[in-house]
1. Separation of region B:567-592 and region B:535-554 by C-alpha centroid, Å?
2. Debye sum, Cα scatterers, region B:41-167, no solvent: what log₁₀ I/I(0) at q = 0.12 1/Å?
3. For a Förster distance of 51 Å, can you work out the FRET efficiency between the beta-carbons of A:His46 and B:Ala330, rounded to the nearest 0.05?
4. In region B:144-227, what trypsin sites (Lys or Arg not before Pro) fall in a loop by DSSP, with at most 13 other Cβ atoms inside 10 Å?
5. Over the C-alpha atoms of region B:181-225, what are the Rg and the largest Cα-to-Cα span, Dmax, in Å?
6. Per DSSP helix of 4 or more residues, -39500 (n - 2.57); summed, then divided by the residues of chain B. What does that give at 222 nm, rounded to the nearest 500?
7. Assuming R0 = 45 Å, can you tell me the calculated FRET efficiency for the pair A:Asp65 and B:Arg658, based on Cβ-Cβ distance, to the nearest 0.05?
8. Using Cβ contacts closer than 10 Å as the measure, can you line up B:His62, B:His104 from fewest to most?
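We did not get these values from a lab; they are worked out from the coordinates using the rules stated. Model, not experiment: these values are computed from the prediction. Here the Cβ positions follow ideal geometry from the backbone for every residue, glycine too, while neighbour counts run over all protein chains shown.
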Amino acid sequence: MAGRGGAQWPNGAAQGKICQFKLVLLGESAVGKSSLVLRFVKGQFHEYQESTIGAAFLTQTVCLDDTTVKFEIWDTAGQERYHSLAPMYYRGAQAAIVVYDITNQDTFGRAKTWVKELQRQASPNIVIALAGNKADLANKRMVEYDEAQAYAEENSLLFMETSAKTAMNVNDIFLAIAKKLPKSEQGQASQPRQRGVDLNEQNQSSSGGCCKS
Amino acid sequence: MLGSGELGVTTFFSSSIPNDKCGANGLPLTPNSIKVLGQFQQLITLRHPNLCRYVDMIKCKHERVIVVFEHHRKNLAQLEPHVKTDSKLLQVFADVLGGLFYLHGEGLVHSYLGPSTILLTEEGVCKLTHHGVYAMTGCGAHVTFPVGQVKYSAPEIFCKLPGCESRNGSKVDTWSLGITMLEASLGITLWASLSVKQIIQRILSFLTIDVPVIDLIIRDHKCPEKLEKMSSSLQHLITRCLNVNPKQRPTAEELLEEACLQPYRKVHEIRGLNGCCMFSTGLRCQNLELSDFSQVEDEELEPLRELDIDQVYYLWQLAGGDIIRTLDNAGKIKSRPPITNLYSFVCDDGESFGAERDSSVLFDDHILVLSLDQLKQRLSNLDETAYYPLLEEENDESNGVGGNGSSNIELNETATLPLVIKEKDIEYQFHRILLYKRLLDGYPYKRAQIWKEARVDIPPLVRPMVWAALLEIEGDVYGRYIAIDKDSPTPTDRQIEVDIPRCHQYDDLLSSPMGHHKLKRVLKAWVMSHPELVYWQGLDSLAAPFLKLNFNQEALAFACLDAFIPKYLNMFFLKDNSLVIQEYLAVFRNLIAFHDPALSNHLEEIGFIPDLYAIPWFLTMFAHVFPLQKIFHLWDTMLLGNSSLPLCIGVAILHQLRDTLLSFGFNECILLFSDMPEIDIEKCVQDSIRIFCSTPRSATFRQYAKQSKSETSNKPWTSYYSTDPNTIKSALDSEPIPLEELKANRCSRISAADLIELGELAGPVGTKSPTKKTKNSRPKILIIDIRSPEEYQRGTVPGSVNIPHTTSFSVEGTLNPTPQVNTLNAHRLQVKVIIGSQGNTSLNFGNKLVALGYSKVCVLHRGIEALRPTGLLVVPPIEAHT
């Protein structure tokens, strides 16, 4: 199914309610964050996906029963150095996908650190999913499925092994997140848009980590 | 210099990789042809009078590669018997050893030496060819054929000798030379009737029989009388070469010390490859000998042959030369339908029968000569003087495109054509590359003229050196690069290693293992040499264009990167760079509003702010968002500009997508920039220059930009857009503005100094300000004094109009119609400078004008107070408006 398009778009006028969520992707460099987003949003895959600088922003809409869920996706740079900027991106996010590479144990360790940071710093109700990407390289696996699954259960995370290359579980993980998100009135898109990043915010925020270190 | 040489080509297949394999990182394996291409590049740098020069490699379909190199039609096998005197043969010996000595010194082994690969020039000099096949194929690893000629191969190639570690050390060449010279001296073909298998057996038998090899061979061919006729020096040399024990066999260097060769040795001054001398610290003209022009008449070469071989090849291609077609016509590209390569029968155990070996996978060492006729014909109407452009002419300065003679007007016309046409125009390129080569030879003294020519265009052939010149690189770049530790592990290594395989990988060179290796070294060198700065993702993209251009000169690639970053990306690579980037983006945002308020208003309204899309643009100076070819053309111009020009390029990109952006909402805009849409770079470049020239210098002032030295040194002011806004000279100049204030406002600022200059308030002075370019006498600016009429009457800037901020706006936020507002509306295209008292009123006024769609609005920094000390304020004439 590698050539399949992105997730289903709302067909025609959606009758149900429209919910908008901010979702952030975190994880070590080169684990496939951008590839997952590209597969989900455009149905494409590039072997030599370029590195992300700063952060990239994309949106995609999925239909869930009578609700249209619109994801505002923040795809962050994986380099450790950009870590200081991460709080700007996950602040206010309702969902996060923490990605690791199943062929690299270190990236799993890094994913755990991200989960910890999110649990400590992000909004308390944030839905976190753990994605073990590059599942098509199962013969080079260094992180066991069971190990990651156990960790995810312990921390009540959604968990799937994905492959941006073959499209395996890519739409599924976004849909699973959409299902788990509260679709109450507050989640709706009507609130005034606080687009992008208020770079002033760092000065007031007590978490303060953003541009120091 | 091409001299009596020709352009030769040969082609072969590299072995293909099964396409179901992938590497440890999950990426597809690098095709062997790409590996070969990467390894080939260093061969281009080899320069020795006894080696044919390598010029280019082309990668084709199906793992085929084509090699282009210098060629001479005659080889040793074709040397007539009557000229094979002892002295001639000793001369050959000395020449070949000279070439081998140089080659081995470069860490390379010929491994394909034989009479057919020893060429003779018309002047009788020996030049080796095919000396790079072994190196470019990764010691034969990336091809299916063996690299070597069986008859001339040393015994250790066929079997591992005890105590000898490397089978293919440089001494295999000594052996090959021995056999070759023996054959040439005896005047017979060795083992003519034996099969390949028998020849190998024969060579191996030398190992077991304790008799000198030369005697065994003579016995084989029953020609002792011929040996007797051979001079003792030759016999001695050949015997030394044909030592079966590689350990005892002499090296090329040792053989060169032989007494009998001394009269034939030539001391060559090995000049670096083109341009190396540009950065030499030695005295360039120390050994310069001017040839005696009274004697050249007899053997005058065609002027074309005096060009460098890479120039000839470049022009040959522009003259319509097509190597693939040439090879195809010569029947050199044989391809068989794949089905004919199938086996007829395969057993259970996998044994197969019936497939013929495809002879096209073997190495065909035959060299095809590229005809220069078409090129000569295309250049035939050029005057010979065109080959020697004069740099200093009596009535110089005026002609934009250098060159002389009648074609000048035509050239100037061509110079205005689109770049794609110019780059394909052979005559134009001919003049340009010759002119540039001369100018570059005169670097740094000719810097001003290089700068001037670069404003016209930069031919691809000379781009690497011209860029280096524009970046003002001087001195011992090689020594400096070598001194940097590029090998010790650092914490950044992992990041660099995961980024490089994703950086411009559509480019064959950069995707080759050699390309990865070199990029890594350049990046590590940069990180090592700047302890105060760090590697941010994106630095790889930034380094890639320089490496692509200077693939064989890592040191120069590094030097260019190192000069580029402080010029355009000062402090961007600090560990904490957020203030730097935010200031840059804030200035960019204001610049968009300055030039295109309608677009700016739209983007602000939908929340599509530069922070969301422009960080990769500026952090990599667009190297992350455009393919290399576009970056080259963009940077050709950008390098001529100052550190504010990239901001204008950013505005030019938005300008090109203006209609699309205006019709798009937030999501579509985001999607649009997630994959940079097709941009016409030439238009973008023209737009950005125009934008730059209509922006007051101080409007792009940034406190984190590099403070340029106040004295302008010897820098040429031929480029009007090279004056940096960051030259602070007096209190009237710009001063740092707090970030919050920058971000809170949408209109730009202008310094008092800029205002005085633009408004010609201090009388007409020789100014370099970009906005003064046109000879139009109309004022370029409209000065709006927004203070109250009373204050205005007490003293204002000459020529200003008074639009008091307190009474001018209606409740709806529009401007109340007054004669002054009509004046404002009549000056839509002019720069509008708002002058108020200190405080935020002017900025608010400016922001309102921007929101109303007025373009080119800026506010005088520090207001009227800034002008008081200048004594320029006057009492305005009483206007009769009632």
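1. Between the Cα centres of region B:567-592 and region B:535-554 lies a distance of 21 Å.
2. One equal scatterer on each Cα of region B:41-167 leads to -0.51.
3. In this case the efficiency is close to 0.85.
4. Values: sites: B:Lys151, B:Lys160, B:Arg167, B:Lys171, B:Lys197, B:Arg202, B:Arg219, B:Lys222, B:Lys226; in loops: B:Lys160, B:Arg167, B:Lys222.
Answer in residue order: B:Lys160, B:Lys222.
5. 10.6, 29
6. Values: 37 runs with 350 residues, N = 882.
Calculated from helices alone, the mean residue ellipticity at 222 nm is -11500 deg cm²/dmol.
7. Working: r = 41 Å, r/R0 = 0.90.
Result of the calculation: an efficiency of 0.65.
8. Values: B:His62 11, B:His104 19.
The most exposed by this proxy come first: B:His62, B:His104.
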